[in-house]
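Have a look at the structure below, then the notes.
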Amino acid sequence: MDIDFPLILMVLTVVTGLVALADKFVFLPKRLADVDRLDGQGSSKETLEQAAKEPVWIEQSKSFFPVLLVVFVLRSFVAEPFQIPSGSMESTLIKGDFILVSKFHYGLRMPVFRNLLIANNEPQRGDVMVFFPPHDKRYFIKRVIGLPGDHVVYKGGQLIINGEEKSIEVVSAEPKHRPVKYLLEETLDTGTHEVQWTPGANIGPEGEWTVPEGHYFMMGDNRGRSSDSRLWRNPATGEEMSFVPEKNIVGKAEAIWMHWDEFGSLPSFSRNKAIQ
C-alpha cells in the first residue's frame with residue numbers, strides 16, 4: 001500500500017497546530033485558574049507545579065508543530081527532494097540519484113488538493129518534470145515531449161513534433177550505465193539532452209498522439225525501458241490514458257545533489273549537476 005506522505009504531513013501539521021492554539025486559549029487559562037485556586041487554598045509548591053504542568057500530549061504537540069510547519073511549507077511550496085527509483089530516465093538520471101525539485105517553478109499549488117494558487121512558468125518541451133500520471137497515485141519523473149495542442153509522432157526512434165523532425169545523432173555505442181545500448185543526443189526546445197536505446201531493436205512503443213488542451217505528453221529518456229505516455233492505460237478498462245493533466249504537475253527537476261546506490265555503500269557527490 002502506498003503511503004500518502006503529503007496528506008499525513010498536512011494532517012499532523014494541522015492537528016499539532018490546533019492543539020497549540022487550543023492550549024493558548026483554552027487549556028492554559030484553565031491551568032492558571034486552577035493554580036490560583038489551589039494557591040488560595042494554601043496548597044504546597046509541588047501541588048501548584050503539578051497543576052501548572054502541561055499534559056504530555058500538549059507538550060509534544062507544541063514541540064513538534066514548528067518543525068512540522070517549516071517542513072510542510074518548504075516541501076509544499078519551495079522544493080522537495082526525490083530519489084530516482086529506476087532506470088527509465090537514463091542516462092540523464094540513474095537509479096540512486098537524489099534530485100531537487102522546484103515546487104514553485106510551474107506555479108504554487110495547494111498541497112494534497114493540487115489546485116493552482118499562483119501561476120508561474122508553463123512547462124517547456126524538454127523540461128524534466130515530476131508529476132502524477134493519470135492512472136497512478138505515485139510520483140513519476142519524465143521529460144516533457146508534447147505540449148497542449150501538439151501532434152507527436154514517435155517512429156524508428158525519431159521524434160516528429162508538429163511535422164518537424166527533432167535532431168538526433170548517435171554519440172556513443174557504449175553508454176556507461178547500459179553498455180548494451182546506444183547513447184544519443186536529442187534536441188528539443190530547452191536544449192540538447194541524452195537518450196538511449198538500441199537502434200532497430202528496443203526503441204520502445206511507437207505511435208502518434210495529439211495532446212489535448214491542458215495536458216502534456218511525457219517520455220522517459222531511456223526510450224526502450226520507460227513506462228510513459230506511450231504505454232499508460234486505465235487498469236480497469238484498458239483505455240488509453242496517455243496525457244498528464246495540468247493539475248497533476250508536481251514540479252520541475254532542477255539538480256542532482258547526491259547519488260547513493262544502496263544503504264551498504266557510501267553516498268557520492270560526483271554526479272552533482274543541473275538537470276538538462
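The values are calculated or read from the model by the stated rules, or taken from the named source; none is laboratory data. Keep in mind the model is a prediction, meaning the values are calculated, not measured. Reconstructed Cβ throughout: ideal geometry from the backbone, glycine too, with neighbour counts over all protein chains shown. Each accessible area value is taken on the protein alone, full model and side chains, heavy atoms only, with ligands, DNA and RNA left out. Shrake-Rupley method; radii C 1.70, N 1.55, O 1.52, S 1.80 Å.
Structure data summary
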read-out	value
Net charge of neighbours whose Cβ lies under 15 Å from the Cβ of VAL56, counting Lys and Arg as +1 and Asp and Glu as -1	0
Relative pair counts by distance (%), Cα atoms of the chain, 5 Å bins	1, 5, 10, 13, 14, 13, 10, 7, 5, 4, 4, 3, 3, 2, 2, 1, 1, 0, 0
Percent carbon-and-sulfur accessible area, the chain, ignoring ligands, DNA and RNA, probe 1.4 Å	59 percent
Region 22-165, accessible area per residue, ligands and nucleic acids excluded (1.4 Å, Å²)	53 Å²
Neighbour net charge for GLY107 - beta-carbon separation under 12 angstrom, K R +1, D E -1	+3
Linear extension gain, LYS137 paired with MET110, 0.36 nm per residue minus alpha-carbon span	8.1 nm
FRET efficiency, 1/(1 + (r/R0)^6) with R0 30 Å, evaluated for ILE160 and GLU254 via beta carbons	0.55
Residue-span extension gain [LEU117 to GLN276] - 0.36 nm each, minus C-alpha spacing	54.5 nm
Exceeding the 25 Å Cα-Cα cut-off - candidates LYS252/LYS273; LYS62/LYS137; LYS24/LYS103; LYS142/LYS247; LYS103/LYS137	LYS62/LYS137; LYS24/LYS103
